1. Got at least one residue in the stretch 70-77 being open to solvent by 10 Å² or more (accessible area, probe 1.4 Å), touching a residue at least 60 places away in the same chain (Cβ under 8 Å) and among the basic types (Lys, Arg)?
2. For the stretch 109-141, which residues satisfy the criterion of being open to solvent by 40 Å² or more (accessible area, probe 1.4 Å), outside any helix (DSSP H, G or I) and of a type in the set (Gly, Ala, Ser)?
3. Restricting the search to the stretch 1-11, which residues are surrounded by 21 or more Cβ atoms within 10 Å (Cβ to Cβ) and either modelled with pLDDT of 95 or more or among the β-branched types (Val, Ile, Thr) (or both)?
4. Restricting to the stretch 120-149, give me the number of residues that are among the acidic types (Asp, Glu) and more than 23 Å from ALA21 (Cα to Cα).
5. Please state which one of GLU113, GLU150 is more than 18 Å from GLU28 (Cβ to Cβ) and in contact with a Pro (Cβ under 9 Å, 6 or more places away or on another chain).
6. For PHE145, are the conditions met, namely being assigned to a loop (DSSP other than H, G, I, E, B) and either open to solvent by 60 Å² or more (accessible area, probe 1.4 Å) or among the aromatic types (Phe, Trp, Tyr) (or both)?
Amino acid sequence: LKTVCVFCGASSGRIPDYVQAAEALGREFAERGICLVYGGGSVGVMGALARAVTKAGGKVVGVIPTSLTRRELSGDAIGEVIEVDTMHTRKAIMGHRADAFIALPGGFGTLEELFEAITWTQLGVHRKPIGILNVAGYFDRLLQFIDHSEQQGFLRPQDQRILSVSADPSELLEKLEAAELPEGVTQWVTEAET
């Protein structure tokens, strides 16, 4: 992995574990020579991650829509910043540059970006590994919901292989390197089901 896109919150959350995990992941990126591509903000989990990468000597590329610069930038930008017009352009640039994706704790934006990357893999748009850094069990209920979706027939059993999950940054990166992704879906519903 040379470049990894990380989706995460512009908030720090309510417990220090989220920021601490972001900092640990940032140090791990720098040690491995992995370039961080992220949402470009300097606040919350997002800012902690980017500062940790640069502090450890790593490379950071932030992609931020002009409309979010006032909310998500506080002080100087971190690393290279690409300012774009729309969220769609932001996600397209981040997705194009990334060899893999990781989600850290965040809100609706983080979840939307994570699920779009998962869907791209499921549909065969790309074959890039996707990981969840499950800090302090933050994603436990989401992972239970994904299991439930499979049990109810809305996900294929092999779709579980799309996600690699760990609470440890180093282990998660190892899982992403070794990920064996399922083939994309060309047809979900059979003719008999129509």
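The values are calculated or read from the model by the stated rules, or taken from the named source; none is laboratory data. Not measured: the values here are computed from a predicted model. Because the Cβ atoms are built from the backbone with ideal geometry, glycine has one as well, and the counts that use them run over all protein chains shown. Side chains are part of the model used for accessible areas, which takes the heavy atoms of the whole protein and leaves out ligands, DNA and RNA. Shrake-Rupley method; radii C 1.70, N 1.55, O 1.52, S 1.80 Å.
1. Looking for residues that are open to solvent by 10 Å² or more (accessible area, probe 1.4 Å), touching a residue at least 60 places away in the same chain (Cβ under 8 Å) and among the basic types (Lys, Arg), one finds at least one in the stretch 70-77, hence yes.
2. Listed by number, the list holds a single entry, GLY124.
3. Residues satisfying the conditions are VAL4, CYS5, VAL6, PHE7, CYS8, GLY9.
4. Initial filter on the stretch 120-149 (among the acidic types (Asp, Glu)): 140, 147.
This time we only want the ones that are more than 23 Å from ALA21 (Cα to Cα), so: 147.
Within the stretch 120-149, residues that are among the acidic types (Asp, Glu) and more than 23 Å from ALA21 (Cα to Cα) number 1.
5. Exactly one of GLU113, GLU150 is more than 18 Å from GLU28 (Cβ to Cβ) and in contact with a Pro (Cβ under 9 Å, 6 or more places away or on another chain), namely GLU150.
6. Details: assigned to a loop (DSSP other than H, G, I, E, B): no; either open to solvent by 60 Å² or more (accessible area, probe 1.4 Å) or among the aromatic types (Phe, Trp, Tyr) (or both): yes.
Against the criterion (assigned to a loop (DSSP other than H, G, I, E, B) and either open to solvent by 60 Å² or more (accessible area, probe 1.4 Å) or among the aromatic types (Phe, Trp, Tyr) (or both)), PHE145 does not qualify.
Results for (1) closer than 16 Å to VAL63 by Cα; (2) at pLDDT 95 or above, shown as yes or no for each residue.
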| site | (1), (2) |
| --- | --- |
| LYS91 | yes, no |
| ARG97 | yes, yes |
| THR110 | yes, yes |
| ALA117 | no, yes |
| THR121 | no, no |
| ASN134 | no, yes |
| ARG141 | no, yes |
| GLN151 | no, yes |
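Listed here are the residues, each with its yes/no results for (1) open to solvent by less than 10 Å² (accessible area, probe 1.4 Å); (2) closer than 23 Å to ARG161 by Cα; (3) touching a helix residue (DSSP H, G or I) at 6+ places or on another chain (Cβ under 9 Å).
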position	(1), (2), (3)
GLY13	no, no, yes
LEU25	yes, yes, yes
GLY33	no, no, no
VAL43	no, no, yes
ILE64	yes, no, yes
ALA92	no, no, no
PHE101	yes, yes, yes
